[in-house]
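Here's the structure we're looking at; comments come further down.
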Amino acid sequence: MSQTDVRMDGSPRLRGAREATPGSAGRRRERLMVPRADFDSYYGRPVLNEPTWRAPDIAGYLFLGGLAGACSTLAAAAQLTGRPRLARSGKVAALCALGGSMYALIHDLGRPERFVNMLRVFKVTSPMSVGTWILTAYGPQAGCAAASDVSGRLPRLGRAAAVGAGLTGPALATYTAALICDTAVPAWHEAYREMPFLFAGSATAAAGGLGMLAAPLEEAAPARRAAVLGTAVECVAATRMERRLGPLAEPLRRSRLLRAGEALCLAGALAGITVGRRSRIAAVAAGAALLAGSACTRFGIFRAGMESANDPKYTVRPQRKRLAKARAERDLG
């Protein structure tokens, strides 16, 4: 019978989804009449719960924290090389950016005492715990350095605080990368290798832009070099990250904010190292472009991560890839 089979009770039964065809050697092969199931989600629902972080708070915290740390490092270098106005602008900017980042973090936490509660323990395996202690060590030094420079009092203490903040600045600028990569958000979690370099480059470019924006031309040479170095590191890290992540980098490639950030940083660094050396107007425009580009990068990374968390395929496909790799290694072993 071609369409139905007969049960033992005599009633007809429709055939299943497979059709048997005779083989060339008398054996029977089965041909699938429907495609194999390809699981990407549970009835189209996200596999992960969307993070409760809000874009203005956490994305702003990522940008301002990185800017504060990089500005302190640039200010310490300017102070040691005899560039007082560049050093002062970096110290004041670092303190202002730190205040903004702390406000954004505490506003996201909901209650200020939650930040204080995190100081009860120090857990090396927790980026949030380590970051809390980094902020606690960095904040008083950055405040002391800026207050001493502006008021002119306690210069020795101010210089020591500036150097201390400069040494702590790189940790402040990059620990947020470890913080977001320690989550289950696919586009962040899988980018753990390149994200610290991307954040470090973005923060350095922003600090260089602020130095060109605030310092006179004759003292802004370190800021221009920092802008070029930071932009180069950021672009290389972003390119390598998107290439290594493959299909998982689709939200990053689609992000207009990331593309705008790259374009602004490249334009600002190029303008700063060329016409920005001779023209104050060009230096201000280049610095503003670098600051805007760094902010676009941080907000773009944040939004791309949220997009990858809401689309279940970015969660399921990496898991399947890891399972297939584990099976292959087990079979070879």
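The values are calculated or read from the model by the stated rules, or taken from the named source; none is laboratory data. Predicted model, so just to flag it, every value in this text is computed and none were measured. Ideal geometry is used to build each Cβ from the backbone, glycine not excepted, and the neighbour counts take in all protein chains shown. These area figures cover heavy atoms from the full protein model, side chains too; ligands, DNA and RNA do not enter into them. Shrake-Rupley method; radii C 1.70, N 1.55, O 1.52, S 1.80 Å.
Here are some notes:
- Any hit, the stretch 309-323, residues being hydrophobic (A, V, I, L, M, F, W, C), closer than 21 Å to ALA200 by Cα, over 14 Å from the mean Cα position of the chain (by Cα) and crowded, with 17+ Cβ neighbours inside 10 Å: no
- Index of the failed condition, ALA206 passing every other in (1) within 24 Å of LEU229 (Cα to Cα); (2) open to solvent by 40 Å² or more (accessible area, probe 1.4 Å); (3) within 22 Å of the chain's Cα centre (by Cα): (2)
- So ARG244, is it closer than 25 Å to ALA94 by Cβ, touching a Lys or Arg at 6+ places or on another chain (Cβ under 8 Å) and open to solvent by 70 Å² or more (accessible area, probe 1.4 Å): no
- ARG253 fulfils the conditions (1) within 19 Å of ALA178 (Cβ to Cβ); (2) open to solvent by 10 Å² or more (accessible area, probe 1.4 Å); (3) modelled with pLDDT under 95 except for a single criterion, (1).
- Output for the stretch 181-212, where each listed residue is modelled with pLDDT of 95 or more and of a type in the set (Ser, Thr, Tyr): SER202, THR204
- Any hit, the stretch 43-50, residues being at pLDDT 70 or above and part of a helix (DSSP H, G or I): no
Residue-by-condition table, conditions (1) farther than 20 Å from GLY65 by Cα; (2) out of contact with any helix residue (DSSP H, G or I) (no Cβ under 9 Å at 6 or more places or on another chain); (3) part of a helix (DSSP H, G or I):
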residue: THR231; (1), (2), (3): no, no, yes
residue: GLU242; (1), (2), (3): yes, no, yes
residue: GLU250; (1), (2), (3): yes, no, yes
residue: ARG253; (1), (2), (3): yes, no, yes
residue: LEU257; (1), (2), (3): no, no, yes
residue: VAL284; (1), (2), (3): yes, no, yes
residue: ALA288; (1), (2), (3): no, no, yes
residue: ALA295; (1), (2), (3): no, no, yes
residue: GLN319; (1), (2), (3): yes, yes, yes
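- Residues satisfying the criterion are present in the stretch 77-91 (criterion: modelled with pLDDT of 60 or more, out of contact with any Ser or Thr (no Cβ under 7 Å at 6 or more places or on another chain), of a type outside the set (Ser, Thr, Tyr) and not in a helix (DSSP H, G or I)).
- Residue within the stretch 211-225 that is within 16 Å of the chain's Cα centre (by Cα), buried (at least 17 other Cβ atoms within 10 Å of the Cβ) and of a type in the set (D, E, K, R) present: no
- Only one entry in ALA263, ALA295 is of a type outside the set (S, T, N, Q), open to solvent by 10 Å² or more (accessible area, probe 1.4 Å), within 14 Å of the chain's Cα centre (by Cα) and modelled with pLDDT of 95 or more, namely ALA295.
- In the set (1) farther than 30 Å from ALA226 by Cα; (2) modelled with pLDDT of 95 or more, ARG120 fails one condition alone, (2).
- Output for the stretch 146-174, where each listed residue is within 17 Å of GLY230 (Cα to Cα) and open to solvent by less than 50 Å² (accessible area, probe 1.4 Å): GLY166, GLY169, ALA171, LEU172, ALA173, THR174
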